[in-house]
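Q: I have a structure here, written as structure tokens, and I will follow up with some questions on it.
The values are calculated or read from the model by the stated rules, or taken from the named source; none is laboratory data. Note that the coordinates shown come from a computational prediction; the quantities given were computed from them, not determined experimentally. Positions of Cβ are backbone-derived with ideal geometry, glycine not excepted, and every protein chain shown enters the neighbour counts. Keep in mind that these areas ignore ligands, DNA and RNA; they rest on the heavy atoms of the full protein, side chains included. Shrake-Rupley method; radii C 1.70, N 1.55, O 1.52, S 1.80 Å.
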Amino acid sequence: MAHQSDSKSIELTISWKNHLPGYVLSILLIPLFGIGLLGLYWVRKRQQRLSYRVTDTRISARDAKYQRNVDLVSIERVEVRQSWLQEKLEVGDLELHTSASSMTLFGMENPYHLKGMLEKAVAAQKKQQQTEKERERREPEYDPGSMDKIDYLTGLWQQGLMSDEDYKKERRHFE
């Protein structure tokens, strides 16, 4: 299930369908001294133990104690893992692989659709990062016009019209 919040992020939780066998078993055990009620409580807690937040740049997995983040640009591939029952219920686990580790999003509804969306987001993030790197390379090191002034200073220095100390002092203004 996905919830959109005010910031550019989506909250993903484990689908109840992923725990369907536990729910069914718990309901069947209710007549047996109410053990099924405890089972329902346990299955519900297990379903809600993890949540995932997807933003423009990263995916975060959170439980009661820990949070783990994976940047989208570091994701190399996304795989769907399903048991036969998960396949019938249209849920599955998404494995996000980076060069250093992997993260699993458990019990996601429509996993192949989600995989496609994640792959598009990863590609867009990588393209944006590449564009930023190219933009950084094109930016001049000096302010516009300062190269002409440095050339002028260098010419004065080479002609002997300026001392080494004065040249170094003036050049520092442009670096």
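Q: Note the angle between two axes, namely the Cα long axis of helix 111-138 and the longest principal axis of the Cα atoms of the chain, as a number of degrees from 0 to 90, rounded to the nearest 10.
A: Rounded to the nearest ten degrees, it is 10.
Q: Tell me, what is the FRET efficiency for Glu90 and Ile10 to the nearest 0.05, using R0 = 25 angstrom and their Cβ-Cβ distance as r? Kindly include the intermediate steps, with their values, before the conclusion.
A: Numbers: r = 19 Å, r/R0 = 0.75.
The calculated FRET efficiency here is 0.85.
Q: While we're looking at this one, here's another question. Pop the C-beta distance of Tyr112 and Glu134 into the FRET formula with R0 = 35 Å and round what comes out to the nearest 0.05. Mind dumping the intermediate values first?
A: Working: r = 33 Å, r/R0 = 0.95.
After rounding, the FRET efficiency stands at 0.60.
Q: Just to be sure I understand: with springs between alpha-carbon atoms less than 10 Å apart, which residue in Ser163, Ser26, Ser83 has the highest mean-square fluctuation in the Gaussian network model of the chain?
A: Evaluated over the chain, the most mobile residue of the options is Ser163.
Q: May I ask you to compute the full-extension gain from Lys126 to Thr98, defined as 0.36 nm times their residue separation minus their alpha-carbon distance, rounded to one decimal in nm?
A: Stretched fully, the Lys126-Thr98 segment lengthens by 8.7 nm.
Q: Mind putting a number on the dipole of segment 85-175 about its Cα centre? Charges go on the C-beta only, +1 for Lys and Arg and -1 for Asp and Glu, and I need it in Debye to the nearest 20. Write out the running numbers ahead of the final one.
A: Details: 14 positive and 19 negative charges, 33 e Å.
Its charge dipole is roughly 160 debye.
Q: What relative contact order, as a whole-number percentage, does segment 18-175 give when Cα pairs under 8 Å and 6 or more residues apart are counted? Intermediate values should be presented prior to the final figure.
A: Numbers: 173 pairs, mean separation 20.8, N = 158.
So the answer I get is 13 percent.
Q: For the chain, report the translational diffusion coefficient in µm²/s to the nearest whole number, using Stokes-Einstein at 37 °C, 0.692 mPa s, and a Kirkwood Rh over Cα pairs. The partial results should precede the final answer.
A: Details: Rh = 20.8 Å.
The diffusion coefficient I find is 158 µm²/s.
Q: Also, quick follow-up: At a probe size of 1.4 Å, how large is the accessible area of Met117, to the nearest 10 Å²?
A: Approximately 90 Å² for this residue.
Q: Something else: Which residue fluctuates most in the GNM of the chain (Cα springs below 10 Å): Pro31, Pro21, Pro111?
A: Pro31
Q: Quick one: longest stretch of the chain between exposed loop chymotrypsin sites (Phe, Trp or Tyr not before Pro), exposed meaning at most 10 other C-beta atoms within 10 Å and loop per DSSP?
A: Numbers: sites that count: Phe33, Tyr66.
Counting at most 10 other Cβ atoms within 10 Å as exposed, the longest clean stretch of the chain is 67-175.
Q: Here's another thing I want to ask about it. Across the chain, how many lysine pairs, 8 or more apart or on two chains, come within less than 19 Å at their alpha-carbon atoms?
A: Close lysine pairs found across the chain: 13.
Q: Got a number for the accessible area of Leu20? Probe 1.4 Å, square angstrom, nearest 10.
A: Rounded to the nearest 10, the figure is 50 Å².
Q: Summing Lys, Arg as +1 and Asp, Glu as -1, what charge do residues with Cβ under 15 Å from the Cβ of Gln82 carry, Gln82 excluded?
A: On the way: positive: Lys17, Arg81, Lys88, Lys115; negative: Glu79, Glu87, Glu90, Asp93, Glu95, Glu109.
Local charge sum for Gln82: -2.
Q: Given +1 on the Cβ of Lys and Arg, -1 on the Cβ of Asp and Glu, and no further charges, what dipole in debye does segment 1-126 carry about its Cα centre, rounded to the nearest 20?
A: Result for segment 1-126 is approximately 320 debye, rounded to the nearest 20.
Q: Given the options Gln125, Ser60, Gln86, identify the residue whose Cα lies farthest towards the positive end of the charge dipole of segment 38-130 (+1 on Cβ of Lys, Arg; -1 on Cβ of Asp, Glu).
A: Positive-end residue among those listed: Ser60.
Q: So if the hydrodynamic radius of segment 22-81 is defined as the Kirkwood radius over C-alpha pairs, what does Stokes-Einstein give as its diffusion coefficient at 25 °C and 0.890 mPa s, in µm² per second? The partial results should precede the final answer.
A: Details: Rh = 14.1 Å.
Here the translational diffusion coefficient equals 174 µm²/s.
Q: For the chain, which span is the longest to avoid every loop-located (per DSSP) member of trypsin sites (Lys or Arg not before Pro) having at most 16 other Cβ atoms inside 10 Å?
A: Numbers: sites that count: Lys8, Arg49, Lys65.
The reported range is 66-175.
Q: Could you tell me the accessible area of Thr98 in Å² (1.4 Å probe, neighbours in place), rounded to the nearest ten?
A: That residue has around 20 Å² of solvent-accessible surface.
Q: Could I ask something else about it? Local charge sum around Thr57 (other residues, Cβ-Cβ under 10 Å, Lys/Arg +1, Asp/Glu -1)? Intermediate results must be reported in sequence, preceding the final value.
A: On the way: positive: Lys8, Arg58; negative: Asp56, Asp71.
Summing Lys/Arg as +1 and Asp/Glu as -1 gives 0.
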